[in-house]
Amino acid sequence: MKADTAPTTTVPNLTSRHIETIEQASGILSAVLHPSKPTLFTASMDGGIQSLDLNSQQKTLIGNHQSYASGVVVGPTPDTLISAGYDGLLIWHDIENKHPIHVIEAHKFWSWRLAISPDQKQVASCTGRYHSGGYRYEPAAESEPSIKIFDSVTGETTHEFEHTPPVTSLAFSPDSKFIAAGNLMGQIRIYELATSRLRAVWTTDAFTSWGIVKSHHYIGGIFDLAFTPETSGLIACGMGPMRDPMAGNGKQTWQCFDWQTEGTPLSREIEPNDAGKGLMETLTIDPHNERFVMAGRLAQGQWNTAIFDTNTGTLLHSLNTKMRTTKALFTNKGDQLILCGAGSQKAPKNGKWPDFGKTHIYQLEFQS
């Protein structure tokens with residue numbers, strides 16, 4: 001199938017070549033690669049958890065949520081998936097037999113994000129609904145723990161942590177000792193799992209704004225987080241402040257924090273000339289810990305997906321996929337980039353809605 005992407009922007013040491021576009025019936029909200037097979041697992045707006053063979057493009061339904069499926073990870077063994085949804089459920093799936101192993105009610109509201117620890121022992125989910133807590137429309141206190149962590153085998157609750165809802169992002173540290181979570185108001189908290197102690201908390205105003213045009217409310221939030229390889233750094237992505245909440249035209253933004261320092265821990269951030277406008281929803285560091293990719297929706301500018309140097313923050317490569325990108329993944333070797341999301345949903349033809357879920361695959365080519 002021909003790609004519907006625009007030409008890429010290149011720098012001397014990194015280029016990309018489009019390989020394939022694979023369509024799916026419903027928009028993709030999350031995805032994960034099998035650790036050893038050319039298989040992509042997706043969580044979709046229709047609630048489906050699906051496997052996609054990247055060689056044959058065969059799609060197989062593994063299970064379903066009762067609402068949007070918002071997260072999916074490979075479980076403690078390669079034959080198990082764990083998924084989360086807007087129904088508040090976490091479901092453990094037997095991939096081969098396509099039936100649920102565990103189903104637990106994790107939250108009374110949506111699961112915004114799902115993550116599994118690098119040691120595969122714990123799985124975390126975050127939740128929260130925005131309710132006005134005062135005359136300044138600040139968020140009300142949580143009605144249930146915003147961060148919950150479960151044993152990845154049994155589903156037993158191991159930790160519950162407080163935050164200010166809605167909590168829209170979370171990430172485990174590479175050593176599985178810490179968990180970070182960010183919310184609508186740009187507050188980030190880091191908890192130590194062994195002691196359940198709050199180790200760091202700070203607020204950045206780079207991801208949240210108060211709308212004053214058409215609608216008056218807070219909008220934005222930290223949409224994804226990733227610890228740097230040495231664990232002392234934490235990268236956050238989202239969208240910068242804007243006056244009109246309906247426009248979605250805040251600055252494409254990432255910031256990196258040295259969270260173990262005192263005071264404001266900002267260490268570096270995206271250069272003003274590198275960014276356009278739009279919501280950045282996904283952030284992933286490559287397997288070699290040298291680069292990270294940030295992607296999302298474009299409002300104005302040149303790209304909705306870009307690769308940066310992890311150590312310096314330098315923009316290395318960018319492209320415009322002309323879709324909403326909700327999950328960016330590097331393959332195990334780091335030489336391919338997989339972008340999952342949704343295109344525009346067209347009007348039905350002959351009573352059938354056209355496919356609007358999309359997966360783009362790019363070959364990354366490095367030059368010395």
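Nothing in this text is a laboratory measurement; each read-out follows from the coordinates by a stated rule. Values in this document were obtained by computation on a predicted structure and should not be read as measured data. FYI the Cβ positions are ideal-geometry reconstructions off the backbone, even for glycines, and counts take in every protein chain you see.
Projected over every direction and averaged, the convex hull enclosing the alpha-carbon atoms of the chain yields 18.5 nm². Overall, the ratio between the Cα radius of gyration of the range 223-316 and 2.2 N^0.38 Å, rounded to two decimals, is 1.06. Considering only ASP224, ASP94, ASP53, give the residue with the highest GNM mean-square fluctuation for the chain, with springs between Cα atoms whenever their separation is below 10 Å. The residue that fluctuates most here is ASP53.
Over the C-alpha atoms of the range 281-368, the Rg to Rh ratio, Rh being the Kirkwood estimate, stands at 1.06. Round to the nearest 0.05 the FRET efficiency obtained for ASN273 and ARG199 when R0 = 30 Å and r is the Cβ-Cβ distance. Result of the calculation: an efficiency of 0.30. By the beta-carbon count within 10 Å of each Cβ, the least crowded to most crowded order of ARG17, ARG199, fewest first, is ARG17, ARG199.
By average Cβ neighbour count within 10 Å, what is the ranking of 117-125, 148-156 from highest down?
Ranked from most to least packed, the peptides come out as 117-125, 148-156.
If you wrap the range 103-258 in the convex hull of its Cα atoms and look at it from every side, the mean projected area works out to 9.3 nm². Across every direction, the projection of the convex hull enclosing the Cα atoms of the range 58-134 has a mean area of 6.2 nm².
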